[in-house]
Amino acid sequence: MSKSSPVSEKSTSLLAQIKTNLTTAFKDFDLKELSSYNTAELIERMWALGPRNCGTNILLNLSDYEQPNLWYALNRTADVDSSRIGRNTTDVRCNYNSSFVNGFQLTSSAGPLCEEPMQGVCFAVLEWSVHASDDELNTKSFGPFSGQILTTAKEACKQAFQNQPQRLVSPMYSCNIVVDAEVLGE
């Protein structure tokens with residue numbers, strides 16, 4: 001077992017602080033009776049952050065799928081293979097986990113309104129299943145089926161977002177221009 005470096009201790013404390021802040025924010029989160037998870041369980045069921053794995057959007061897994069644990073993936077100080085934690089390798093859906101998450105990432109980076117990045121949106125996945133034989137799937141994490149899952153996840157997130165009231169934030173631009181006094185003239 002290796003010693004933790006000061007960087008890893010700092011990242012661990014930052015992750016703990018993020019979880020505390022999320023716990024506070026999720027207390028007001030209303031699932032409208034879609035799930036019986038408590039606040040701590042919801043935070044553990046977080047599947048991804050977006051865009052670019054660090055944004056203000058959340059992909060929340062409320063289905064029976066056991067996704068890779070986001071918190072272990074973010075905290076790379078663990079001595080175990082963090083990509084396998086919380087993952088049921090017999091579930092065919094684990095082969096397409098990255099396709100599903102990338103569909104969410106694409107939606108959160110270019111939303112349905114003017115292709116702008118989304119901010120502060122939580123997508124709750126209530127059910128995710130694959131209904132096809134192994135021959136049809138080609139059970140590899142690449143190929144046409146993974147692309148279809150990516151596109152379907154992206155479109156499902158966009159449609160879910162469009163079913164709710166939306167707003168477009170007006171862009172603001174502020175700049176200071178510094179010039180010599182001789183150019184001020186007229």
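The values are calculated or read from the model by the stated rules, or taken from the named source; none is laboratory data. Bear in mind that the values here come from a model prediction, so they are computed numbers and not experimental data. For accessibility, only protein heavy atoms count, side chains too; no ligands or nucleic acids. Shrake-Rupley method; radii C 1.70, N 1.55, O 1.52, S 1.80 Å.
For the range 102-131 and the range 16-71, write down the distance between their C-alpha centroids in whole Å.
Cα centroid to Cα centroid, the span is 14 Å.
Using the heavy atoms of the protein chains alone and a 1.4 angstrom probe, what is the accessible area of the range 6-64 per residue in square angstrom? Write down the numbers at each step before the final one.
Numbers: 3690 Å² over 59 residues.
Heavy-atom SASA per residue in the range 6-64 reads 63 Å².
Could you list which residues have their amide H under 5 Å from that of Ala48, counting only those 5 or more apart in sequence or on another chain, with H placed in the peptide plane?
Leu59
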